[in-house]
Amino acid sequence: MPLTVEVITAERSVVAQEADMVVAPTMEGVIGILPRHAPLLTALGPGVMILKKNGAEENLAISGGFLEVRHNHVLVLADTAEREDEIDEQRATAARVRAEEALRDAAQHPQDLSTEAARIALRRSMARLDVVQRRRRRRPNP
Ligand code: ATP
């Protein structure tokens, strides 16, 4: 029996589909979830979520949130989530450049909250660009 996967944000439902396997970016590292997984509730960090079904992959960029596994159902409440075709690459690149500049300027203040915010913004933008790269590797001519 496959997993059912639901990814929602405060604004919308992003994905509702079946999957043979789910890979998710938790705060402690990447986890793989197969059918019959034990019940789980965990926090997600910025990263790529992968849904595998019949040998095909769908990738989502997630900025953070919570993931619950129960009775073969994976529920993700995400701060933000975008499917691969929704990601604006130029916007993500601009966000990455801004975050890198902020981190360079903040090198003298590594403990500041704004420095931590820039680090997280950088990881968000990298997750989005990672999803764009994966899409491109799979479909070289868009
Ligand atoms: P930016 O600095 O470009 O606004 P951000 O990381 O601060 O990026 P978020 O606060 O994570 O943006 O997201 C705000 C909204 O914009 C969310 O709905 C998110 O899904 C969407 N979003 C952010 N970046 C992109 C992108 N590159 N492509 C498509 N949607 C995006």
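Students often check this: by mean Cβ neighbours within 10 Å, which of 10-23, 55-68 ranks highest, and how do the rest follow? Please list the in-between numbers first.
Numbers: 10-23: 14.2, 55-68: 18.9.
Going by the mean number of other Cβ atoms within 10 Å, highest first, we get 55-68, 10-23.
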Rounded, prolate or oblate: which fits the range 3-84 when a ≥ b ≥ c are the square roots of the eigenvalues of the alpha-carbon gyration tensor, with rounded for a/c under 1.5 and prolate only if a/b beats b/c?
rounded
Just to confirm the number: angle between the C-alpha axis of helix 89-105 and the first principal axis of the chain, 0 to 90 degrees, nearest 10?
50
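Placing +1 at every Lys and Arg Cβ and -1 at every Asp and Glu Cβ, with all other atoms neutral, what dipole size does the range 86-142 have around its Cα centre, in debye to the nearest 20? Let's see the in-between values first.
Values: 14 positive and 9 negative charges, 115 e Å.
Roughly 560 debye for the range 86-142.
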Starting from the coordinates of the alpha-carbon atoms of the range 87-138, obtain the Kirkwood hydrodynamic radius over all distinct pairs and give the value in Å to one decimal.
11.4
Two-decimal Rg/Rh across the chain, once Rg and the Kirkwood Rh are taken from alpha-carbon atoms
1.01
Check: C-alpha center the range 74-91 vs C-alpha center the range 31-54, spacing in Å is 15
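Just subtract the alpha-carbon distance of residue 36 and residue 1 from 0.36 nm times their residue separation and send over the number in nm, one decimal. Mind dumping the intermediate values first?
Working: separation 35, 0.36 × 35 = 12.60 nm, distance 0.85 nm.
Difference between extended and current length: 11.7 nm.
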Treating the angle as unsigned and between 0 and 90°, give the value, to the nearest 10°, between the Cα long axis of helix 113-138 and the longest Cα principal axis of the chain.
50
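Each value in this text was obtained by applying a stated rule to the coordinates, not by laboratory testing. The structure displayed is predicted, hence computed values, not measured ones. Cβ atoms come from the backbone with ideal geometry, glycine included; neighbour counts cover every protein chain shown.
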